[in-house]
Every structure is written in structure tokens, then in C-alpha cells.
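First up is the structure itself, then whatever we jot down about it.
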């Protein structure tokens with residue numbers, strides 16, 4: 001019989017507790033970046049990267065307006081990432097996992113008709129996509145600071 005760890009006991013006693021397993025990623029000549037994963041009570045993995053959390057899976061392929069709405073409907077502060085956050089997600093896509101080799105929407109608008117997007121196959125960013133076009137969607141939320 002496997003011996004129960006203190007962490008296993010905590011999860012058993014408090015099923016909604018968020019546990020953190022931290023590890024580092026070395027990407028070529030870059031310095032180490034810290035990425036954390038949290039196991040939630042729903043047994044979904046949420047990645048913490050820098051100052052935001054990344055939802056455990058894509059929300060689908062949709063236009064920009066529907067993408068913003070889909071993220072907000074997750075509640076609890078989930079939103080569409082801005083172009084800087086999306087680029088950080090691309091840089092650590094292997095650690096976070098689950099991304100398609102395709103384009104993802106950002107919340108950053110170029111103008112009334114266009115928004116920035118990020119290519120997850122090659123890292124390209126651009127504002128050449130009409131908000132009416134369809135791209136992949138992954139939600140993020142700010143990390144709550146303890147006061």
C-alpha cells in the first residue's frame with residue numbers, strides 16, 4: 001500500500017484546496033522562467049505563468065467578440081489575454097501544453113475592425129485578422145494577491 005503524503009492528506013481533507021507544483025524551464029540561451037501548475041478541485045490543471053494563470057484547455061475556434069464573451073462566461077476573472085500575455089504563453093507553450101499549431105486571439109485591439117493575434121506554430125504576431133474571422137481561444141486571469 002502506498003504511503004499517503006501530507007499533500008495527499010490535505011487534498012483528501014480539503015478537496016477544493018489548490019496545490020502548487022513548481023518547476024523551471026530552460027529554453028535555449030534564455031534564463032530560467034518560472035511556471036507553476038495548480039491542481040484544482042475539479043482535477044483540471046491551470047498553469048501559472050508570470051503574473052497570470054492560463055486556463056487548462058482551449059475554448060474553441062470563434063470570432064473575436066465571441067472569444068471575449070466565452071472567456072468572461074467562465075467567471076472568476078477569466079478573460080482573453082492581451083498580446084504580451086499571449087506571447088509569453090507561446091514562449092512557454094510546451095510547458096503549459098494543449099495548444100494547437102494555429103492562431104490565437106488576444107484582447108488587444110488594433111482598431112475597430114482588427115485585433116492582434118499570435119501564431120502558435122511560429123510565434124508570429126499580427127493585427128491582420130478581422131475580428132469577424134475565427135481563431136483559437138485560451139483564457140487567462142490575474143493571480144490573486146493575498147492581502
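The test for being surrounded by fewer than 15 Cβ atoms within 10 Å (Cβ to Cβ), modelled with pLDDT under 90, part of a strand (DSSP E or B) and over 14 Å from the mean Cα position of the chain (by Cα) does not hold for residue 43.
Yes or no, residue by residue, for (1) within 18 Å of residue 61 (Cα to Cα); (2) over 16 Å from the mean Cα position of the chain (by Cα):
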site: 87; (1), (2): no, no
site: 95; (1), (2): no, no
site: 101; (1), (2): yes, no
site: 104; (1), (2): yes, no
site: 110; (1), (2): no, yes
site: 116; (1), (2): yes, yes
site: 143; (1), (2): no, no
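For the range 115-128, a residue qualifies if it is touching a residue at least 40 places away in the same chain (Cβ under 8 Å) and within 17 Å of residue 101 (Cα to Cα), and exactly one does: 125.
The values are calculated or read from the model by the stated rules, or taken from the named source; none is laboratory data. All figures in this text were calculated on a predicted structure; none of them were measured in a lab. Backbone-built Cβ (ideal geometry, glycine too); neighbour counts: all protein chains shown.
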